[in-house]
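Visitor: Following this message is one structure expressed as C-alpha cells.
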Amino acid sequence: MSKRESAKYKIDRRMGENIWGRAKSPVNRRDYSPGQHGQRRKSKLSDFGIQLRAKQKLKGFYGDLSEKQFYRTYKEAARRCGDTSENLIGLLESRLDAIVYRAKFVPTIFAARQFVNHGHVNVNDHRTNIQSYLCKPGDVIEVREKSKQLVMVLEARELTERDVPDYIGIDHSKMQATYIRIPSLSEIPYAIQMEPSLVVEFYSR
C-alpha cells in the first residue's frame with residue numbers, strides 16, 4: 001500500500017495547489033499551508049526553492065515517489081538521447097500505475113499503486129504487480145476479470161473530473177487500455193503547470 005494513501009491531500013496543502021484537480025481537495029477551501037503558521041505571508045522563494053518545489057510537485061503527482069526512485073528515473077531520462085525534461089515526463093507517464101490512473105480504472109494515483117501492487121492488472125495477458133513497470137507503446141493493460149466488478153473500479157469509470165488522454169486507447173466495456181505512444185509534456189493533462197525543466201536544473205546543480 002502506498003505510504004500516502006491515508007494522507008494524500010497533505011501534499012496539496014503543502015504545495016498550496018490542487019495537484020490532481022480533485023473536487024475534494026482541501027486547497028479548494030484553504031489555499032494556504034497546514035499548521036498554525038500556514039496563513040503567514042509567503043516569503044519569496046530562491047532559485048533553489050523554486051526548483052525544489054517543482055520537483056516536489058512532480059514527485060507528489062505520481063504518488064509521492066521516494067527520492068531514490070525519482071532520482072533513478074531522472075538518471076535514466078538523462079542517459080537517453082533527446083531533451084531530458086521530456087524524457088523524464090515520458091518515463092513517468094509510462095509507469096504502469098500512471099497508465100492505470102490515466103485510464104480511469106481507479107480514482108486516484110494512490111489507488112492505482114495499490115491496485116497494481118495487489119495484482120489486479122494484466123499487461124499483455126500477464127499478471128503484473130510492479131507499480132514502476134515501464135510500459136511500451138502497443139502494450140495492452142487490462143483489469144483482471146475477477147477485479148472488474150470492484151466498486152472502486154466501477155465508480156472510477158464514471159468520474160467526470162478528468163478524461164482519458166489521447167495517448168491511451170480505452171475500452172471501458174472490456175476494462176482494457178492500450179498505451180499508444182509516449183506523450184510529450186504538452187499532451188499530458190496535468191491539473192496544474194508542471195515544470196520538469198526545473199527538476200532537471202535541480203539535479204544538475
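Visitor: One residue is enough: does segment 60-73 have a residue meeting the conditions in contact (Cβ under 8 Å) with a residue 40 or more places away in the chain and closer than 12 Å to SER197 by Cα?
Guide: The answer is no; no qualifying residue exists.
Visitor: Only one residue in LYS42, LYS57, LYS75, LYS8 is open to solvent by 70 Å² or more (accessible area, probe 1.4 Å) and modelled with pLDDT under 95, so which one is that?
Guide: Numbers: LYS57 fails: open to solvent by 70 Å² or more (accessible area, probe 1.4 Å); LYS75 fails: modelled with pLDDT under 95; LYS8 fails: open to solvent by 70 Å² or more (accessible area, probe 1.4 Å).
Of the residues listed, the single one that is open to solvent by 70 Å² or more (accessible area, probe 1.4 Å) and modelled with pLDDT under 95 is LYS42.
Visitor: Separate question: Pull out all pairs, ordered by first then second residue, where Cβ-Cβ is under 8 Å, the residues are six or more apart or on different chains, the first lies in segment 116-139 and is on the phi > 0 side of the Ramachandran plot, and the second is of a type outside the set (Val, Ile, Thr).
Guide: Close Cβ pairs (under 8 Å, with a partner that is of a type outside the set (Val, Ile, Thr)) amount to GLY119/ARG127; GLY119/ASN129; GLY119/ARG144; ASN124/ASP139; ASP125/GLU142; GLY138/TYR179.
Visitor: Taking interchain pairs and intrachain pairs at least six residues apart, which have beta carbon atoms under 8 angstrom, with the first residue in segment 185-205 and assigned to a loop (DSSP other than H, G, I, E, B) and the second open to solvent by 40 Å² or more (accessible area, probe 1.4 Å)?
Guide: What qualifies is PRO189/ASP163; ILE192/GLU17; MET194/LEU185; ARG205/PHE48.
Visitor: Out of ARG144, ARG127, ARG113, ARG80, I need the residue that is of a type outside the set (A, V, I, L, M) and under 17 Å from the mean Cα position of the chain (by Cα). Which one? Walk me through how you get there before you give the answer.
Guide: Values: ARG144 fails: under 17 Å from the mean Cα position of the chain (by Cα); ARG127 fails: under 17 Å from the mean Cα position of the chain (by Cα); ARG80 fails: under 17 Å from the mean Cα position of the chain (by Cα).
Selected residue: ARG113, the only one of ARG144, ARG127, ARG113, ARG80 that is of a type outside the set (A, V, I, L, M) and under 17 Å from the mean Cα position of the chain (by Cα).
Visitor: So which residues in segment 78-130 are farther than 15 Å from SER184 by Cα, assigned to a loop (DSSP other than H, G, I, E, B), touching a strand residue (DSSP E or B) at 6+ places or on another chain (Cβ under 7 Å) and open to solvent by less than 50 Å² (accessible area, probe 1.4 Å)?
Guide: Of everything in segment 78-130, those that are farther than 15 Å from SER184 by Cα, assigned to a loop (DSSP other than H, G, I, E, B), touching a strand residue (DSSP E or B) at 6+ places or on another chain (Cβ under 7 Å) and open to solvent by less than 50 Å² (accessible area, probe 1.4 Å) turn out to be ALA103, PHE105, GLY119, HIS120, THR128.
Visitor: Further question on the same structure: Within segment 135-179, considering only strands (runs of 3 or more DSSP E) that don't extend past its boundaries, which have at least 2 residues that are of a type in the set (Phe, Trp, Tyr) and open to solvent by 50 Å² or more (accessible area, probe 1.4 Å)?
Guide: Numbers: elements: 140-143, 168-171, 176-179.
Passing ranges: none, list empty.
Visitor: Within the bounds of segment 58-74, is there any residue that is under 15 Å from the mean Cα position of the chain (by Cα) and aliphatic (A, V, I, L, M)?
Guide: Yes, because at least one residue in segment 58-74 is under 15 Å from the mean Cα position of the chain (by Cα) and aliphatic (A, V, I, L, M).
Visitor: Also, I was wondering about something else. Can you find, within segment 60-72, the residue that is most open to solvent (accessible area, probe 1.4 Å) among those that are more than 23 Å from ILE180 (Cβ to Cβ) and not in a loop (DSSP other than H, G, I, E, B)?
Guide: Just the residues of segment 60-72 that are more than 23 Å from ILE180 (Cβ to Cβ), to begin with: 60, 64-72.
Okay, now just the ones that are also not in a loop (DSSP other than H, G, I, E, B), so 60, 67-72.
On the way: GLY60: 0, GLU67: 72, LYS68: 154, GLN69: 36, PHE70: 0, TYR71: 94, ARG72: 134 Å².
The qualifying residue most open to solvent (accessible area, probe 1.4 Å) is LYS68.
The values are calculated or read from the model by the stated rules, or taken from the named source; none is laboratory data. Bear in mind the structure is a predicted one, so any value in this text is a computation, not a measurement. Positions of Cβ are backbone-derived with ideal geometry, glycine not excepted, and every protein chain shown enters the neighbour counts. Side chains included, ligands, DNA and RNA excluded: accessible areas come from the protein's heavy atoms. Shrake-Rupley method; radii C 1.70, N 1.55, O 1.52, S 1.80 Å.
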